[in-house]
1. For segment 1-72 and segment 83-101, compute the distance between their C-alpha centroids and round to whole Å.
2. Please sort by residue number the trypsin sites (Lys or Arg not before Pro) in segment 32-131 whose DSSP state is loop and whose Cβ has at most 15 other Cβ atoms within 10 Å.
3. So, in nm, how far is label Thr68 from label Cys105 when the simple model puts each one 7 Å beyond its Cα toward the Cβ?
4. Taking Cα atoms, how many degrees apart are the long axis of helix 110-130 and the longest axis of the chain, rounded to 10 and kept between 0 and 90?
5. May I ask for log10 I(q)/I(0) of segment 1-87 at q = 0.20 Å⁻¹, from a Debye sum over the Cα atoms as equal point scatterers with solvent left out?
6. Which value, in debye to the nearest 20, describes the size of the charge dipole of the chain about its Cα centre when Lys and Arg Cβ atoms bear +1, Asp and Glu Cβ atoms bear -1, and nothing else is charged?
7. On the first, second and third principal axes, largest extent first, how far apart are the outermost C-alpha atoms of segment 49-128 in Å?
8. If Lys and Arg each add +1 and Asp and Glu each add -1, what is the summed charge of the other residues whose beta carbon sits under 11 Å from the beta carbon of Pro11?
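Please treat every number below as a calculation from the coordinates, not as lab data. Source: prediction; values computed, not measured. Ideal geometry is used to build each Cβ from the backbone, glycine not excepted, and the neighbour counts take in all protein chains shown.
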Amino acid sequence: MSRIQGKDTGPERIVRSLLHRMGYRFRLHGMGLPGRPDIVLRRYCTVVFVHGCFWHRHRGCRNCTIPTNNRAFWVKKLDGNAARDRRNALALRRAGWRVIVVWECETEKEERLRARIMKALTVQRGARSSA
């Protein structure tokens, strides 16, 4: 597990590239925020987590499997990751941040991802301007 990359993963680079091409500017790995989000869009009070389907338990995804060897260890580890993700998202929402989770499998279809991000940030932009 020590060889598993935690930052600048392929899916994360895809999302960052897409956001940049869409004209959004952001910071990486939000220091001081719960869970250290992968991408922080302060202007929109939004954070983006790019989760690997295996490591963060994307339910219903073909990549969300449990290894057959040492199954008890993996169940505990992966369920712990998912629980931590929920706690961090809740803490961010309570602090006034909008949380977007992008799953690794969603990065395969760029147009769908673009539409999803655009919708989430447009809804946020409209909500902020009316306040």
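1. Here the two parts' Cα centres lie 13 Å apart.
2. Taking segment 32-131 and a limit of 15 other Cβ atoms within 10 Å, the loop trypsin sites (Lys or Arg not before Pro) found are Arg59, Arg62, Lys109.
3. Using points 7 Å along Cα→Cβ, the separation is 2.1 nm.
4. Roughly 50 degrees, rounded to the nearest 10.
5. Values, matching the q order: -1.04.
6. So the magnitude is around 400 debye.
7. 49, 31, 14
8. -4
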